[in-house]
Amino acid sequence: MNNEVRVHAGMKVEARADESMPRLVGYSAVFETEANIGGMFREVIRKGAFTDAILRDDIHALDNHDYGRVIGRKKAGTLTISEDERGLRVEITPPNTTIARDLMENIGAGNIDQMSFSFSMEGGRQVWDESGDIPLRSIEKVGELLEVSVVPRGAYETTEIALRSLAASRQGMETAQEFRLRVKRKLIR
């Protein structure tokens, strides 16, 4: 099986300390967004590409694609993953471990602001358009969704993650720009 990894940039961050169980909330993939994959081809993920995998696969949430740094798992109920109009939405309730606390601190500080996912196309569906200078791959259905990760660097610039309280995770996410503006306003006061 050939596993593929896609890394996405541009995470939205909000840190809240008003509840005891912070969560990481964001998008590991955004639909209909083109990315250049190493100069070899362009890629677009189509809406619904993860539907079957979400229902079937036991997906892990990792720190930087490292299975030694697990921060959530679908089967354990610490990773909730779904598709909406925008993309592949994840909500992670990280454990109280050094790895998770360090990761959340880095997200809150703005040092880490991207997401990624790993998948296999075996049993999936893709369409190639080779009419342009760089071929375009449209992923219509992934074969298997292996994991989602919080990462320091990405290929796509449209994913996001947020550090939030349980109550705040049910509401809309604040953009990174809005977060920085809010922080700046607090510093000026």
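The values are calculated or read from the model by the stated rules, or taken from the named source; none is laboratory data. Note that the structure is predicted; figures quoted are calculated from it, not measured. Note that each Cβ is placed from the backbone with ideal geometry, even for glycine, and that neighbours are counted across all protein chains shown.
Here Ala76 fulfils each of the conditions (1) surrounded by 14 or more Cβ atoms within 10 Å (Cβ to Cβ); (2) modelled with pLDDT of 95 or more; (3) of a type in the set (A, V, I, L, M) apart from (1).
What are the pairs with Cβ atoms under 6 angstrom where one residue, in segment 108-129, is exposed (fewer than 15 other Cβ atoms within 10 Å of the Cβ) and the other, located anywhere, is not in a strand (DSSP E or B)? Sequence gap at least six, or different chains. Listed by first residue and then by second, the contacts come to Glu122/Met1; Glu122/Gly143; Gly123/Gly143; Trp128/Pro135.
Residue check: Ala15 meets all listed conditions (1) over 15 Å from the mean Cα position of the chain (by Cα); (2) of a type in the set (A, V, I, L, M); (3) at pLDDT 95 or above but one, namely (3). Among the candidates Ile71, Ile59, the residue that is surrounded by 15 or more Cβ atoms within 10 Å (Cβ to Cβ), closer than 16 Å to Ser120 by Cβ and out of contact with any Ser or Thr (no Cβ under 6 Å at 6 or more places or on another chain) is uniquely Ile59.
Residues in segment 42-53 that are surrounded by fewer than 16 Cβ atoms within 10 Å (Cβ to Cβ) and on the phi < 0 side of the Ramachandran plot: Arg46, Lys47, Thr51.
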